[in-house]
Amino acid sequence: MDRRLSTKTKVILTLLVIIVVAFLLHLADKHMDAYKLRILNLIAIYGIMALSLNLINGITGIFSLGHAGFILIGAYTAALLTLSPEQKEMSFIIQPIVPWLAHLHTNFLFATLAGGLLAAFAAFLVGWPVLRLSGDYLAIASLGFAEVIRVVALNAISITNGPLGLKAIPEYTNVWWAYGWLLVTLLFIGSLVSSSYGRALKAIREDRIAAEEMGINVFKHQLLSFVVGGFFAGVSGSLYAHWLTTIDPRLTTLGPMLTFYILIMIVLGGLGSISGSLIGAALFAILVEWLRNLEEPFKLFGVIQTNGLPKGSRILVISAIFVAIMIFWQRGIMGRNEITWDNLYRWFSRLRRGEKNG
């Protein structure tokens with residue numbers, strides 16, 4: 001018996017889910033407090049970051065550690081385009097901003113698209129030479145790129161405001177922008193992975209030499225994956241900057257450590273699984289915020305009063321969890337499986353058969 005749903009049924013179910021989620025987001029936007037809304041938005045931003053890196057690392061099999069560089073490019077580009085000329089004039093104290101940027105101003109949508117496109121262009125420039133490497137060499141080269149971007153941001157004072165960073169960025173990121181872009185990212189990457197290009201990317205991941213023998217242009221497909229991942233990383237950078245409302249290149253918020261945080265998300269959810277990326281991003285965002293309690297005074301076992309762990313201890317706890325996952329649960333929550341309508345239908349069918357047999 002064929003346990004697959006028709007395409008029409010899947011489309012209807014997908015639209016119903018989107019409508020229900022939109023309604024829930026509307027309720028959250030109206031009734032949640034500001035702190036919980038920020039966490040809800042962060043889940044979506046992390047989701048876009050995780051999906052974009054999983055396309056590169058998990059689905060294509062490129063061991064890249066330079067994702068934070070693309071995110072930083074998107075963040076700076078969008079922030080510079082949404083800041084008003086008056087804000088730029090007040091912010092750039094060490095050196096005046098370059099004339100061609102001083103009066104450049106646009107809305108949030110075009111600024112986000114510009115951040116994504118510039119990050120995609122950077123991914124193309126970096127990917128062209130770097131993707132000719134493989135394994136550890138590729139990882140080191142991509143990590144070096146992320147550090148180069150951060151150093152440039154610190155020293156290109158007339159463009160990025162150097163170590164002072166950018167302040168008073170408009171807080172445009174809300175549930176509609178964050179989850180709207182998450183939906184676009186999910187649909188685009190999901191469609192790409194399901195297409196012939198996606199099957200070629202998976203073939204490259206499994207065996208690069210065999211893929212070449214089958215006639216797949218490995219370099220072309222890897223570069224496509226790298227550029228698409230870079231675009232959505234830039235989009236997430238724009239959303240992140242307008243969620244933080246500040247960019248400080250001296251901090252780890254948008255530094256190379258961000259790449260490792262995203263790696264934790266996709267490994268936790270399942271390397272190569274789109275569904276797992278979303279689950280891992282949500283769990284990571286919630287866990288990071290919940291672990292802030294460890295740095296505040298609390299009672300151990302409800303009895304012993306402590307002053308809390310030193311600042312930054314939550315990152316050590318997260319790192320320990322990541323190490324434990326790599327040792328004992330390498331496939332993550334989803335492995336390479338996906339939550340699809342067909343899989344859900346099969347699961348419910350087996351459940352019903354089990355109830356009848358029982």
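What follows is calculated from the coordinates using simple rules that are stated; it is not laboratory data. Fair warning: this is a prediction, and the values are worked out from it, not measured in the lab. Glycine gets a Cβ as well: all are built from the backbone with ideal geometry, and neighbour counts include every protein chain shown.
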field: Selected from SER84, SER195, SER273 as most flexible by GNM, with the chain as the system and alpha-carbon contacts under 10 Å
entry: SER195
- prompt: Using alpha-carbon positions, what is the distance between the centroids of the stretch 270-292 and the stretch 99-149, in Å?
  reply: 24 Å
task: Under 13 Å Cα to Cα from LYS8, which aspartates and glutamates show up? Leave out anything in the same chain fewer than 8 places away.
output: ASP342
message: Suppose each label sits 7 Å from its Cα in the direction of the beta carbon; what would the LYS8-VAL323 distance come out to in nanometres?
response: 5.7 nm
- line: Under a Gaussian network model of the chain whose springs join Cα atoms within less than 10 Å, the largest fluctuation of TYR137, TYR172, TYR345 belongs to TYR345
message: With n ≥ 4 as the cut-off for DSSP H runs, can you work out [θ] at 222 nm for the chain, using -39500 (n - 2.57) per run divided by the number of residues, rounded to the nearest 500?
response: -23000 deg cm²/dmol
- line: Here D for the chain, in µm²/s, from Stokes-Einstein with a Kirkwood Rh over Cα pairs at 20 °C and 1.002 mPa s, works out to 98 µm²/s
- request: Treat every Asp and Glu Cβ in the chain as -1 and every Lys and Arg Cβ as +1, leave all other atoms uncharged, and give the resulting dipole magnitude about the Cα centre to the nearest 20 debye.
  value: 1040 debye
statement: Placing each pseudo-label 7 Å from Cα in the direction of the beta carbon, ASP136 and VAL98 end up separated by a distance in nanometres of 3.8 nm
- prompt: Rounded, prolate or oblate: which one fits the stretch 91-214, using the alpha carbon gyration tensor with axes a ≥ b ≥ c (rounded when a/c is under 1.5, else prolate when a/b beats b/c, else oblate)?
  reply: oblate
- line: A student applying the Cα gyration tensor rule (rounded when a/c is under 1.5; otherwise prolate if a/b is larger than b/c, oblate if not) would label the stretch 85-153 prolate
